[in-house]
Amino acid sequence: MDDLKSKYLTLIAEAGDEATLEDIRITAVGKKGEVALKMRELGKMTPEERQVAGPALNALKDEINSALAAKKAALADAALDERLRSEWLDVTLPTRPQRQGTIHPISQVSEEVTAIFAEMGFSVAEGPRIDTDWYNFDALNIPGHHPARAEMDTFYMHRAEGDNRPPHVLRTHTSPVQIRSMEASGAPTRIICPGGVYRADYDQTHTPMFHQVEGLAIDKDISMANLKWVLEEFVKSYFEVDGVDLRFRASHFPFTEPSAEVDIRCSWEGGTLKVGEGDDWLEILGSGMVHPKVLQAGGIDPNEWQGFAFGMGIDRIAMLKYGIPDLRAFFDSDLRWLRHYGFAALDVPTLHGGLSR
Ligand code: PHE
């Protein structure tokens, strides 16, 4: 009996898988197994012998059965461990940057700008990129022969002979959305409109297509002071600093009166563009109090309402924040540039979570 015990306990300990274990079970404690055969021998024994051998055989059977069960559990554990090791997946890992597209800095900055103005109560408005010359010019107090039309280097859509639809242009600024949103929702209103605009121009800080964000706030007693505060708050949030020097320059736009252009202090030293230091200024936006004729064109009574508007260059402020010296690179689709300057798809900018990471 001792031989049987040590033989089977060794076999069980050495078994490498469940099938081997099942074979051992059958030959040891199965119906026709070795222990069963021994049980049969009990009949030929004297009662005294039987009294000793019976319980001993039962104990042997129990011991083999529990060794089998323990080994079975150990094998199952090992199999599970092996699966956990080989099928392991770290869901906290970021996606693989090499194979993954990135968010273009223009998209990222548009989101950042939207998050900041949303916090100040501005909602997002939209308008078409191909618009009539009425929305792009006339409604904004730029009549037919106004020099501003020439200054804007406008792309005109082709018109076939006899086509009597109004002339269309690629919008030269986001300001036509001022008119469209006045028409759509009247006063009071607070909107921004980020989007692409077009002008025939090309150098380090100009491309034929670029991006602006228009801002418009109309109410009973909005003033230039509100405009200045909103822009200063915006710049602080956007550049994530307490103070950036802004320069308000008296200027002229047909659609605002008075008007101001705003420059931001920067340096171009060593070919890198840095914001907030140096002796250079980069113009980032035009602004002013909405001209009464513009309110009228949008169907709003200028005797009752007034407001400010601004148009800011998204590409410009993206260059400044992320140190990108040449605007043209934004539109080259160079994958190496996009990998370097792009943003991870899951980093959605919010004021609370952080605008840029
Ligand atoms: N539309 C002007 C431009 O593109 C900017 C601007 C917008 C100025 C709103 C004043 C008010 O240059």
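The values are calculated or read from the model by the stated rules, or taken from the named source; none is laboratory data. Note that this is a predicted model, so its numbers are computed, not measured. Cβ placement follows ideal geometry from the backbone for every residue including glycine, while neighbour counts extend to all protein chains displayed. Accessible surface areas use protein heavy atoms only, side chains included; no ligands, DNA or RNA. Shrake-Rupley method; radii C 1.70, N 1.55, O 1.52, S 1.80 Å.
With LEU21, LEU68, LEU75, LEU60 as the choices, which residue is in contact with an Asp or Glu (Cβ under 8 Å, 6 or more places away or on another chain), assigned to a helix (DSSP H, G or I) and surrounded by 13 or more Cβ atoms within 10 Å (Cβ to Cβ)? Break it down into steps so the answer makes sense when it comes.
Details: LEU21 fails: in contact with an Asp or Glu (Cβ under 8 Å, 6 or more places away or on another chain); LEU68 fails: in contact with an Asp or Glu (Cβ under 8 Å, 6 or more places away or on another chain); LEU60 fails: in contact with an Asp or Glu (Cβ under 8 Å, 6 or more places away or on another chain).
It is LEU75.
Take the range 259-302 and flag every residue that is part of a loop (DSSP other than H, G, I, E, B) and within 32 Å of the chain's Cα centre (by Cα). Step through it out loud before you land on a result.
Going residue by residue through the range 259-302, those that are part of a loop (DSSP other than H, G, I, E, B) are 268, 272-273, 276-279, 291, 298-302.
Answer for the range 259-302, where residues must be part of a loop (DSSP other than H, G, I, E, B) and within 32 Å of the chain's Cα centre (by Cα): TRP268, THR272, LEU273, GLY276, GLU277.
Residues that are within 16 Å of the ligand (Cβ to nearest atom), over 27 Å from the mean Cα position of the chain (by Cα), in contact (Cβ under 8 Å) with a residue 12 or more places away in the chain and in a strand (DSSP E or B): does the range 308-324 have at least one? Don't jump to the end; show me each part of the working.
Initially, the range 308-324 is screened for residues within 16 Å of the ligand (Cβ to nearest atom), giving 308-317.
With the extra rule that they be over 27 Å from the mean Cα position of the chain (by Cα), the set shrinks to 308-309.
If we keep only those that are in contact (Cβ under 8 Å) with a residue 12 or more places away in the chain as well, we get 308-309.
Then keep just the ones that are in a strand (DSSP E or B); that gives 308-309.
The answer is yes; a qualifying residue exists.
Could we say that GLU112 is open to solvent by 30 Å² or more (accessible area, probe 1.4 Å) and either within 18 Å of GLY311 (Cα to Cα) or outside any loop (DSSP other than H, G, I, E, B) (or both) here?
Values: open to solvent by 30 Å² or more (accessible area, probe 1.4 Å): no; either within 18 Å of GLY311 (Cα to Cα) or outside any loop (DSSP other than H, G, I, E, B) (or both): yes.
Answer is no for this residue.
Take the conditions in contact with a Gly (Cβ under 7 Å, 6 or more places away or on another chain) and of a type in the set (Gly, Ala, Ser) and apply them to ALA309. Does it pass?
Numbers: in contact with a Gly (Cβ under 7 Å, 6 or more places away or on another chain): yes; of a type in the set (Gly, Ala, Ser): yes.
For ALA309, the condition - in contact with a Gly (Cβ under 7 Å, 6 or more places away or on another chain) and of a type in the set (Gly, Ala, Ser) - is met.
Just to check your reading of the model, which residue among SER251, SER333, SER267 is in contact with a Lys or Arg (Cβ under 6 Å, 6 or more places away or on another chain) and of a type in the set (Gly, Ala, Ser)? Step through it out loud before you land on a result.
On the way: SER251 fails: in contact with a Lys or Arg (Cβ under 6 Å, 6 or more places away or on another chain); SER333 fails: in contact with a Lys or Arg (Cβ under 6 Å, 6 or more places away or on another chain).
After ruling out the rest, the residue left standing is SER267.
Only residues that are within 11 Å of the ligand (Cβ to nearest atom) and open to solvent by less than 50 Å² (accessible area, probe 1.4 Å): list them for the range 199-210, please. Quick ask: steps written out before the conclusion?
Looking only at the range 199-210, we keep the residues that are within 11 Å of the ligand (Cβ to nearest atom), and these are 199, 210.
Passing the criteria: only PHE210.
So that you can scan it fast, the table gives a plain yes or no per residue for (1) more than 10 Å from the ligand (Cβ to nearest atom); (2) crowded, with 17+ Cβ neighbours inside 10 Å; (3) closer than 30 Å to SER185 by Cα:
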position: GLY215; (1), (2), (3): no, yes, yes
position: ILE218; (1), (2), (3): yes, yes, yes
position: GLU233; (1), (2), (3): yes, no, yes
position: GLU240; (1), (2), (3): yes, no, no
position: ASP245; (1), (2), (3): yes, no, no
position: CYS266; (1), (2), (3): yes, yes, no
position: VAL275; (1), (2), (3): yes, yes, no
position: ASP279; (1), (2), (3): yes, no, no
position: TRP305; (1), (2), (3): yes, yes, yes
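Can you tell me which residue in the range 33-58 is nearest to MET1 (Cα to Cα), limited to those that are touching a helix residue (DSSP H, G or I) at 6+ places or on another chain (Cβ under 7 Å) and among the small types (Gly, Ala, Ser)?
Selected residue: ALA53.
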